[in-house]
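Novice: Before anything else, here's the structure in question.
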């Protein structure tokens, strides 16, 4: 599988944007790092010697652990990450607490959360207004929105010295009455001048089992960070590894290598080491390219944060080569620099109440089998609340990837865009849809699930791609994989062997990863490209580190085929 994000949080739209890093883009990269750090590209193992298992994320409309479908997608906080920074763009919101609707600019907070906006507009938010103080900084939870699908808390932080860059927390979570830690997403916006505070929200799919429940909320270590950049003298004509010794702000060595892709595209593959490991938690580095004062946009999605062979922070970014040759081009490494920090924790005991949501809640056990040639699953339950419609699903295969990548829900003629949410349970998932304001749902409302863009996995254990007479000169060959012609390019750079593969047939989804054998032991390649399931791109670049042989036999874990026009409709309610 080709997991993780597209550039879906790159569009922060404000009248007067603060001069901070593109934290909106950074959050998707942080989330991506958590997933990529576990499984690599297209479900691939990260390094030679290990083939990891697990569920990943897909690009596009059905990203795992994603919800909210307007212009921003929030992702669940991976366990491997300590930072919880996320930016949301502006949408209309009527706050549940009139005083703070006037004092605080909540309207710029909940883009992608139309269900929460709707609940607040209807007065369904629970008034909390509880505060805790740490080092003269006041953290306040103002409002809670709690139903049978999720729990959302709106909060603010008033630091002692006013605005000080952008704000991030090391951790934010709930603890239930049994002492169990409940993780979630935590988003943070910039400084709100009117209320003289930072504001954000915490969201978790956890919800109280009873109508009223007591929990403890904890926010840890506030970091105040600002934008910084270092110029990089990158040589576009070189295809070797270019090394830049930064030695600044806790960053050590930056290595960049260019790879020519299909057509006019070039991949900038980078690896950054840190002299101060704590910096890696909030730096969120990326290469930026400008033509004069105008930033050059990436040509497609990249990946950020996958650990390199020696623990480096790696980045894969794609650009149009013609744009990089347009003249007056400059390169730099942009990153976040910590300016100040508040140690310690803010702890708040809360009593959460979801009684106000009961009137708009419908729960039905449906037990609908979705029978497919590959990736069959069951829809077990439908939970309709004032904020969201959730389909609870289950499957027999551990961490199974669902075949269809896009999800929509037809609710009485209104089409909602949904997102696939992963679960801690390897045999269950959910598909979630924001419920917009004004959408009426009753027991008789017809509800149909629409799945589209099917991706099918195929294995061919007997297939062997033989690379012979490997030299520094690029060599090309064509083989047949599953009846599709696949072109291979391979060459040596120093101690490493690079392998590229692609097909002109767009039905061919791509090879997820290759490996070599020594006896019965397999050595996976290192994936250099950023590929996503259902993205329509089937080219890939891999490297076998420290391989000194003249010949190399490659085996494939699997390959995929794409059916972007395929659609499956399933009637869910009424039954």
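The values are calculated or read from the model by the stated rules, or taken from the named source; none is laboratory data. Just so you know, these numbers come straight off a predicted model, no measurement behind them. Quick reminder, even Gly has a Cβ in these numbers, built from the backbone with ideal geometry, and neighbours come from all protein chains shown.
Novice: Is it true that residue 284 is touching a helix residue (DSSP H, G or I) at 6+ places or on another chain (Cβ under 7 Å), touching a residue at least 24 places away in the same chain (Cβ under 8 Å) and under 30 Å from residue 142 (Cα atoms)?
Specialist: Considered against the rule, which asks whether it is touching a helix residue (DSSP H, G or I) at 6+ places or on another chain (Cβ under 7 Å), touching a residue at least 24 places away in the same chain (Cβ under 8 Å) and under 30 Å from residue 142 (Cα atoms), residue 284 comes out as yes.
Novice: Still on this model: Considering segment 376-410 alone, what residues qualify as being part of a loop (DSSP other than H, G, I, E, B) and buried (at least 19 other Cβ atoms within 10 Å of the Cβ)?
Specialist: 385, 386, 387, 401, 402, 403 - these are the residues of segment 376-410 that are part of a loop (DSSP other than H, G, I, E, B) and buried (at least 19 other Cβ atoms within 10 Å of the Cβ).
Novice: Any residue in segment 482-503 that is in a loop (DSSP other than H, G, I, E, B), buried (at least 19 other Cβ atoms within 10 Å of the Cβ) and in the same structural domain as residue 548 (by TED's automatic domain parsing)?
Specialist: yes
Novice: Any idea which of (1) assigned by TED's automatic domain parsing to the domain that holds residue 432; (2) touching a helix residue (DSSP H, G or I) at 6+ places or on another chain (Cβ under 7 Å) is the one residue 365 doesn't satisfy?
Specialist: (2)
Novice: Need the failing condition index for residue 284 against (1) more than 28 Å from residue 504 (Cβ to Cβ); (2) surrounded by fewer than 22 Cβ atoms within 10 Å (Cβ to Cβ), just the number.
Specialist: Failed condition: (2).
Novice: Follow-up question, since we're still on this one. State whether the residues of segment 436-445 include one that is under 27 Å from the mean Cα position of the chain (by Cα) and either surrounded by 13 or more Cβ atoms within 10 Å (Cβ to Cβ) or assigned by TED's automatic domain parsing to the domain that holds residue 117 (or both).
Specialist: yes
Novice: If we keep just the residues of segment 160-171 that are at negative phi and surrounded by fewer than 21 Cβ atoms within 10 Å (Cβ to Cβ), which is modelled with the lowest pLDDT?
Specialist: The residue in question is 164.
Novice: Now, a different point. Return yes when residue 164 is part of a loop (DSSP other than H, G, I, E, B), closer than 14 Å to residue 222 by Cα and outside the structural domain of residue 439 (by TED's automatic domain parsing) and no when it is not.
Specialist: When the stated conditions are applied, residue 164 passes them.
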